[in-house]
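To start, the structure under review is shown below, and the notes come after it.
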Amino acid sequence: MFDRASTFGEALDHPAARAVLERYMPGIAASPMATQFRNGRLGQLVGFVPSLSDAAERERLWASLAELGEGADPRPPYAPAIEPDPSYEDASVERGSASVAAPEPTPLWDVADVRLAGPSHGNPFVDVELDALVTRPDGSELRMGGFYDGDGRYLVRVLADAEGEWTFTTRSTARSLDGVSGSFTVTGAREGAHGPVRVDGLHFRHADGTRHRPLGTTAYAWTHQPDALQEQTLSTLAEAPFSKIRMCLFPKSYLFNQNEPEDFVFPGSLADGFDLERFDPAHFRRLEQRIAQLAERGIQADLILFHAYDRWGFADLGPAVDERYLRYVVRRLAAFSNVWWSMANEYDLLWSKDEPDWERLAAVVGAEDPFGHLNSIHNCRPFYDYTRPWITHVSIQRVDVYRTAENTDEWRERWGKPVVIDECAYEGDIDQGWGNITGEEMVRRFWEGAVRGGYVGHGETYLPAADGGAVDAGFGDDPEVLWWAKGGVLHGSSPDRIAFLEKLQAEAPEGVWDPLTSDWDVPWGGVEGMLRVGYFGFNRPRFRNLILADGEWALEVIDTWNMTVDRVGGTHRGTVRVELPGRQFMAVRLTRVGD
């Protein structure tokens with residue numbers, strides 16, 4: 001049987017199936033995809049074929065392949081949902097008898113753990129349901145789902161988002177865990193703690209009002225690497241300008257991602273299979289340590305909940321296991337103030353899920369996260385409907401080999417939400433077109449997005465063997481330590497220039513740029529009536545005549561690559577001719593002075 005879950009290689013090796021593919025994907029059998037994606041699912045590959053963006057055409061493809069099936073589908077059915085066991089503890093167990101350790105005084109925006117010592121027989125991951133009604137100091141209530149942490153430990157984890165006295169009362173299908181009450185105190189915030197990031201119009205702020213500009217990078221599988229490499233990644237981030245990192249909860253199987261992790265969300269291994277009715281608490285504790293270490297560095301953890309690059313079966317777990325996984329993940333991690341949710345990386349390549357599935361799964365995240373962390377979904381080709389109410393911001397990737405950031409202002413208007421271009425391509429030197437742009441081009445894309453009021457994300461795919469990076473770092477047994485995949489160290493020229501752009505944006509009133517009325521050949525951004533920034537990009541004029549708005553203006557020439565700002569003497573009114581060096585990647589900044 002051939003369907004969306006069949007591999008590309010299986011279909012290519014079957015003459016009749018190959019003929020169907022050639023009918024709906026002309027030339028694909030002779031393309032580089034024939035070797036690169038042999039283990040990819042057909043449901044993924046349709047995302048790369050423009051004609052198959054039409055739902056009716058896709059259905060005709062699946063119907064043609066289904067006609068070739070011989071016998072029943074050999075794949076086992078999806079695991080069913082498992083309801084908590086109402087008789088997990090019998091009547092001899094006193095209700096509310098579990099011992100509880102309330103949190104110590106907790107700083108504002110930190111994690112407060114209510115810890116209970118309870119039963120461990122059977123399988124508490126699925127046999128026991130636990131939550132708590134938690135009352136904030138202002139009297140408002142929230143429901144917090146609890147989770148099993150192994151060895152008879154249960155936690156209800158709270159994001160301490162208000163100072164004062166909190167109280168809680170647990171509810172559970174296990175008698176000993178039901179009706180346990182207590183209280184704890186939330187004190188003032190630690191220095192540098194600002195709380196979760198929220199949407200602020202078409203930009204972002206922390207909960208305490210501090211401006212946040214999501215200067216992001218990507219290291220998809222960095223927490224699935226050996227500890228030494230993870231520590232090196234953290235050291236690199238401490239010196240880099242980034243305030244957000246995209247990272248996967250499930251490991252990744254793709255180019256330069258072939259090593260096997262030591263542990264997983266579920267206990268088990270690729271060789272022996274996975275127990276999908278349990279979770280690995282030790283794995284999650286290590287992940288939580290990394291999230292906390294990112295928070296110490298002021299970095300948001302943009303957690304990718306699902307993706308298609310998989311050889312372990314995690315991309316096709318079935319609805320019941322998907323939902324159980326999400327409930328566990330969100331209950332464990334929603335109390336971290338620096339968490340963002342990303343429902344999927346390249347959602348349209350997840351062959352086992354359609355739009356109703358994403359809406360259902362997003363509802364699970366929303367129900368289990370009372371703190372309303374940012375949430376979005378990332379595309380490969382077709383856009384998701386970013387007007388959906390659960391989507392807080394646009395998480396998007398390049399739509400063209402060259403032109404993407406230039407669309408930022410249009411996307412802001414289309415969806416009325418902040419635009420984060422999480423993948424604009426990667427600075428590097430690998431053989432793939434998405435991973436071999438120059439540092440200059442990466443910086444240009446950042447500037448193009450910035451003057452249009454959006455936020456562009458960084459990524460790097462340099463082969464470390466080119467400069468000995470892997471050997472110097474002590475990872476000579478793994479010659480494929482690319483930052484985009486595994487973290488490690490940065491080799492590119494763009495991060496310093498990106499930091500320079502960030503500094504200039506921070507100097508603006510309110511710390512953000514919005515798109516302004518632009519010339520046909522120069523985009524302008526800034527703050528209406530106060531600040532104007534024009535970016536020349538790859539053009540290299542020797543001068544520019546500028547017509548100034550009313551009032552007096554200070555004028556500066558910015559070299560975005562050499563990271564210099566040169567003031568043009570005096571103040572200016574009316575029309576001014578600005579002398580420029582005839583180099584690429586220049587900008588001008590106009591700042592209103594006086595009343």
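Secondary-structure-derived ellipticity at 222 nm for the chain, considering helices only, amounts to -6500 deg cm²/dmol, per-run term -39500 (n - 2.57) for DSSP H runs with n ≥ 4.
Summary of packing: across the peptides 436-448, 228-240, the per-residue average of other C-beta atoms within 10 Å ranks them, highest first, as 436-448, 228-240. What shape does region 199-280 take by its C-alpha gyration tensor, where a ≥ b ≥ c are the square roots of the eigenvalues and a/c under 1.5 counts as rounded, a/b above b/c as prolate, and the rest as oblate? The shape class here is prolate. Rolling a 1.4 angstrom probe over the protein heavy atoms with all chains in place gives the chain an accessible area of 40 Å² per residue. For Lys503, a cut-off of 14 angstrom between C-alpha atoms picks up these aspartates and glutamates, skipping any fewer than 8 places away in its own chain: Asp559. Annotation: the antiparallel percentage among DSSP beta bridges lying fully within the chain is about 70.
Report note on the peptides 364-371, 12-19: ranked by the mean count of other C-beta atoms within 10 Å, highest first, their order is 364-371, 12-19.
The angle between the Cα long axis of helix 319-333 and the main principal axis of the chain comes to about 70°, on a 0 to 90 degree scale.
Under the shape rule built on the C-alpha gyration tensor, where the axes satisfy a ≥ b ≥ c, region 54-205 is oblate, since a/c reaches at least 1.5 while a/b does not exceed b/c. The C-alpha atoms of the chain define a longest principal axis, and helix 494-506 lies at about 80 degrees to it.
Ligands, DNA and RNA aside, Arg171 has an accessible area near 100 Å² when probed at 1.4 Å.
Is the chain best put as rounded, prolate or oblate by its Cα gyration tensor, with a ≥ b ≥ c the root eigenvalues, rounded for a/c under 1.5, and otherwise prolate when a/b is larger than b/c, oblate when not? Verdict is oblate for the chain. Descending by average beta-carbon neighbour count within 10 Å, the peptides 151-157, 242-248 line up as 242-248, 151-157, the highest first. Suppose R0 equals 30 Å; then what is the FRET efficiency for Asp496 and Glu296 from their Cβ-Cβ distance, rounded to the nearest 0.05? The computed FRET efficiency comes out at 0.85. The GluC sites (Glu not before Pro) of region 521-595 that DSSP puts in a loop, and whose beta carbon has at most 16 other beta carbons within 10 Å, are Glu528. Once you reduce region 136-172 and region 546-573 to the center of their Cα atoms, the two points are 54 Å from each other. Of the accessible area of the chain, computed with a 1.4 Å probe over protein heavy atoms only, carbon and sulfur atoms account for 50 percent. In degrees from 0 to 90, rounded to the nearest 10, what is the angle of the helix 15-24 Cα long axis to the longest principal axis of the chain? So the helix axis and the longest Cα principal axis differ by about 40 degrees.
The values are calculated or read from the model by the stated rules, or taken from the named source; none is laboratory data. Computed from a prediction, not measured in an experiment: that's the story for all the values here. For neighbour counting, all protein chains shown are included, and Cβ atoms are generated from backbone atoms with ideal geometry for every residue, glycine included. Areas reflect the complete protein model, heavy atoms only, side chains present, ligands, DNA and RNA absent. Shrake-Rupley method; radii C 1.70, N 1.55, O 1.52, S 1.80 Å.
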